[in-house]
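J.: Below is a structure I'd like to ask you about.
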Amino acid sequence: MAFEITNEFLENLVGFIDKNNDSKIKNLFEDVHFADIAEVLDEVSFDEAIYIIKLLDSEKTSEILTELDEDTREKILENFSAKEIANEVGEMDSDDAADIIGELSEERQKRVINELEDSELAEDIKELLSYGDDTAGSLMAKELVKVYETWTVAGCMRRIRGQAQEVTRVHSIYVVDKEDRLVGRLSLKDLIVAKSDQKIADISKAKVDAVNVNEDDETVARIMVKYDLEAIPVVDDNNVLLGRITIDDIVDLLKEEADKDYQMAAGLTQDVDSDDSIFELTKARLPWLFLGLIGGVGAFIIMEGFQDVFSKYASLFFFTPLIAAMAGNVGVQSSAIIVQGLANDDVKGSINSRLLKEMLLAALNGVILALFLFLFVWVYEGKIDLALAISVSLVVVIIIAGLIGTFVPLFLNKRGVDPAIATGPFITTSNDIFGILIYFMIAKMILGI
């Protein structure tokens, strides 16, 4: 049964904190999962959260810290000494420990690492911090189970027991040569059923998926998702085994990328949440809002240039929001599909083939919608030439919007720019301007003004 944060639970917790009843607090959290405790910390005051974190065992609080959002964790760690942080990260896997320490200032990073009792973990963290952001090296953990191809099954069984104690979950056993180069993998089943005197080289599988330590993290995610991998080994340029990346890190990465793309599509230039300061939220929103303002000014200038059209056919003015809205909607739909396809590596073929397909799709949708609009304007206004001008404009606007929505993210992706910025305000604003311009030009032509 899932844990639920009830008012009664919070009232009891706050009451125990007020009375400094540490044993009752520990009992309250005894069977609660660390992810649920992280949610509880968001429901209490900051001082109460600090009290709970410092009270519970490091074995549990180290897991809690990894579940907290970055801003909350930063505030909590500011109230911890270097020694206290070292105690927490000392209970973590190397990748989580490196992530936590990497959020600290360089000075605090050095102090925390110096306080670590486990010298091997300290060296692992230093190595992981040396890799660039958005690389496989920044995602990997050093903990893994590896065996040498020259070992016998009996010798292997003895040696891997010690290694397995340091690994939270054993997905695969990696086989290396005498120079630690990755040469294969070994399943637990094959190891268990093999004869004790067999060599590891004889029962291991030579084919093993691996990624370079400098590989882009999104590429790693695509590989693991495509081949349904729970873990993947990481090697250097000489194929030396360095670590492994597990699926939980990939899930976190995909969530972060989805959040980032969603914010960019919504017109936010940086990672923010509702609890950030007004200044931070303004910085994130203002650039795209300014773009929308420029777009609005552009639309005003275009409409002002067609005053002669309005003077003869005033009804055209009232259909302007419809044309602009359709252009924006079609553009966002097209770009969203392309951006999603690029993210999943599903977009194949040339740009020209994509544009042709989108043009045909937009034309079909445009004609269907234009027929409905033609009938409506004809019946409502009683003017067949006006109905024809508006409906033809709609078809052309939809086609152009679809092409823009398809081309821009593909073009940005080719140039190494995140295509997610193509959706939302960028596409909507550009299509609004082009849509209004095309609308009045076609209307002016058909109506002979």
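J.: Would you mind getting me the FRET efficiency between HIS33 and ASP236? Use the beta-carbon distance for r and R0 = 51 Å, nearest 0.05.
T.: Details: r = 37 Å, r/R0 = 0.72.
After rounding to 0.05, the efficiency reads 0.90.
J.: Turning to a different aspect of this structure: How far apart, in nm, are two points set 7 Å out from the Cα along the Cα-to-Cβ line at ILE384 and at GLU106?
T.: 7.8
J.: Going down the list LYS195/LYS226; LYS126/LYS255; LYS24/LYS126; LYS26/LYS142; LYS60/LYS110, which pairs span over 28 Å between their C-alpha atoms? Write out the running numbers ahead of the final one.
T.: On the way: LYS195/LYS226 34 Å; LYS126/LYS255 26 Å; LYS24/LYS126 39 Å; LYS26/LYS142 32 Å; LYS60/LYS110 24 Å.
In this structure, LYS195/LYS226; LYS24/LYS126; LYS26/LYS142 exceed 28 Å between Cα atoms.
J.: Can I ask one more? Taking a ≥ b ≥ c as the square roots of the eigenvalues of the Cα gyration tensor of the range 104-151, is the shape rounded (a/c under 1.5), prolate (a/b larger than b/c) or oblate? Before the final figure, lay out each step's value.
T.: Details: a/c = 4.06, a/b = 1.57, b/c = 2.59.
Taking the square roots of the gyration eigenvalues as a ≥ b ≥ c, the range 104-151 is oblate.
J.: Run the count for the range 303-446, please: Lys pairs, Cα-Cα under 25 angstrom, 8 or more apart or on different chains. Present the calculation step by step, with values, prior to reporting the outcome.
T.: Working: LYS312/LYS383; LYS312/LYS444; LYS348/LYS357; LYS348/LYS414; LYS357/LYS414; LYS383/LYS444.
So the count works out to 6.
J.: Label-point separation (nm) for GLU84 and LEU55, each offset 7 Å from Cα along Cα-to-Cβ?
T.: For the pair GLU84/LEU55, the computed spacing is 1.5 nm.
J.: Moving on. For LYS207, give me every one of the lysines with a C-alpha distance below 16 angstrom, ignoring sequence neighbours fewer than eight places off in its own chain.
T.: Hits, sequence-local ones excluded: LYS146.
J.: Give the long-range amide H neighbours of VAL175: residues separated by 5 or more places, or on another chain, with amide H under 5 Å away, using H modelled in the peptide plane at 1.01 Å from N.
T.: Residues meeting the amide H criterion: VAL147, VAL183, GLY184, ARG185, LEU186.
J.: Just to be sure I follow: if Rg is taken over the C-alpha atoms of the chain and Rh is the Kirkwood radius over the same atoms, what is Rg/Rh? Display every interim value, and only then the final one.
T.: Working: Rg = 29.9 Å, Rh = 26.7 Å.
Rg divided by Rh gives 1.12.
J.: How do the peptides 325-333, 45-53 rank, highest first, by the average count of neighbouring beta carbon atoms within 10 Å per residue? Let's see the in-between values first.
T.: Numbers: 325-333: 22.6, 45-53: 16.8.
Output ranking for 325-333, 45-53: 325-333, 45-53.
J.: I would also like to ask the following. Order ARG73, ARG111, ARG415, most accessible first, counting only protein heavy atoms with a 1.4 angstrom probe. All intermediate terms of the calculation are to be shown ahead of the outcome.
T.: Values: ARG73 20, ARG111 105, ARG415 155 Å².
From most accessible down to least: ARG415, ARG111, ARG73.
J.: If you don't mind, there's one more thing I want to ask. On a 0 to 90° scale, report how tilted helix 425-447 is relative to the longest principal axis of the chain, with both axes built from alpha carbons and the result rounded to the nearest 10.
T.: Result, in degrees: 20.
J.: Of the listed peptides 216-228, 243-255, what is their order by residue-averaged count of other C-beta atoms within 10 Å, with the highest listed first? List each step's numbers first, then the result.
T.: Details: 216-228: 16.2, 243-255: 18.9.
The peptides rank, most packed first, as 243-255, 216-228.
J.: Take every Cα pair under 8 Å in the chain that's 6+ residues apart, average their separations, divide by the length, and report that relative contact order as a whole percent. Walk me through the numbers on the way to the answer.
T.: Details: 563 pairs, mean separation 48.3, N = 449.
Once divided by the residue count of the chain, the mean separation gives 11 percent.
J.: Using amide H atoms built in the peptide plane, which far-off residues or other-chain residues are under 5 Å from GLY243 H to H?
T.: For GLY243, whose amide H was placed from the backbone, the distant partners under 5 Å are VAL234.
J.: Would you mind pulling out the separation of the Cα centroids of the range 1-60 and the range 144-208, in Å?
T.: Measuring centre to centre over Cα atoms gives 42 Å.
J.: Report the convex hull volume per residue for the range 374-448, counting only C-alpha atoms, in Å³. Before the final figure, lay out each step's value.
T.: On the way: hull volume 6.3 nm³, N = 75.
Once divided by residue count, the hull of the range 374-448 is 84 Å³.
J.: Go ahead and run the numbers for FRET between SER45 and GLN163, Cβ-Cβ distance against an R0 of 45 Å, rounding to 0.05. All intermediate terms of the calculation are to be shown ahead of the outcome.
T.: On the way: r = 43 Å, r/R0 = 0.96.
Approximately 0.55, to the nearest 0.05.
J.: Another question, if that's okay. Taking the Cβ-Cβ separation of ILE294 and LYS26 as r and a Förster radius of 56 Å, what is the calculated FRET efficiency to the nearest 0.05?
T.: Working: r = 58 Å, r/R0 = 1.04.
The calculated FRET efficiency here is 0.45.
J.: Quick check on the range 112-262: take the gyration tensor over C-alpha atoms, sort the square-rooted eigenvalues as a ≥ b ≥ c, and tell me if it's rounded (a/c under 1.5), prolate or oblate.
T.: Values: a/c = 2.06, a/b = 1.48, b/c = 1.39.
The shape class here is prolate.
J.: Return one number: the angle in degrees, 0 to 90 and rounded to the nearest 10, between the long axis of the Cα atoms of helix 320-343 and the longest principal axis of the Cα atoms of the chain.
T.: Once rounded, one gets 30 degrees.
J.: Amide H to amide H under 5 Å from THR135: which residues, 5+ apart in sequence or cross-chain, H placed 1.01 Å off N in plane?
T.: ASP217
J.: If you build a Gaussian network model of the chain, linking Cα atoms that sit under 10 Å apart, which residue out of SER430, SER311, SER94 swings the most?
T.: Evaluated over the chain, the most mobile residue of the options is SER311.
J.: Can you give the angle from 0 to 90° between the axis of helix 119-130 and the longest principal axis of the chain, with both taken from C-alpha atoms, to the nearest 10?
T.: 20
The values are calculated or read from the model by the stated rules, or taken from the named source; none is laboratory data. Quick caveat: nothing in here was measured; it's all calculated off a predicted structure. With ideal geometry, Cβ positions are generated from the backbone for all residues, glycine too; neighbour counts draw on all protein chains shown. Protein only, heavy atoms only, side chains kept; ligands, DNA and RNA dropped before computing areas. Shrake-Rupley method; radii C 1.70, N 1.55, O 1.52, S 1.80 Å.
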